[in-house]
Amino acid sequence: MDQLSVMSIRVDHRTHSAPKMQEILTQNGDMIVGRFGIHDPGEVNHGLITLNLRGEMGKIRNMMDQLEGLDGIKVNHMQA
């Protein structure tokens, strides 16, 4: 069953990690209900993305594994 959940993604070394991260998010776009990204203007290389998701936990875990495999990416997930 599809469930609503929230994922946070901290991106360090944005210029290095962001293109591959974006590719993974695009591949999983059917699960992303909403996306909000921020960065601290004083921190050029760091960013935070929050995702509202609706999907099967297996697919969400797979996306998390792919993201966590990238250098400089930290992922947290919470089911609603």
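Couple of notes before you dig in:
- Any chance R35 is assigned to a strand (DSSP E or B) and not aromatic (F, W, Y): yes
- Residue in the stretch 5-23 that is exposed (fewer than 14 other Cβ atoms within 10 Å of the Cβ) and within 12 Å of K59 (Cα to Cα) present: no
- Note on the stretch 47-80: residues that are surrounded by 13 or more Cβ atoms within 10 Å (Cβ to Cβ) and not in a strand (DSSP E or B) total 10.
- In the set G37, G42, only one residue is over 11 Å from the mean Cα position of the chain (by Cα) and modelled with pLDDT under 95; that residue is G42.
- Subset of the stretch 5-19 (residues that are within 11 Å of the chain's Cα centre (by Cα) and of a type outside the set (V, I, T)): M7, S8, R10, A18
The values are calculated or read from the model by the stated rules, or taken from the named source; none is laboratory data. Note that the structure is a prediction, hence the values are computed from the model and not measured. Every residue, glycine as well, gets a Cβ built from its backbone with ideal geometry; the counts of neighbours run over all protein chains shown.
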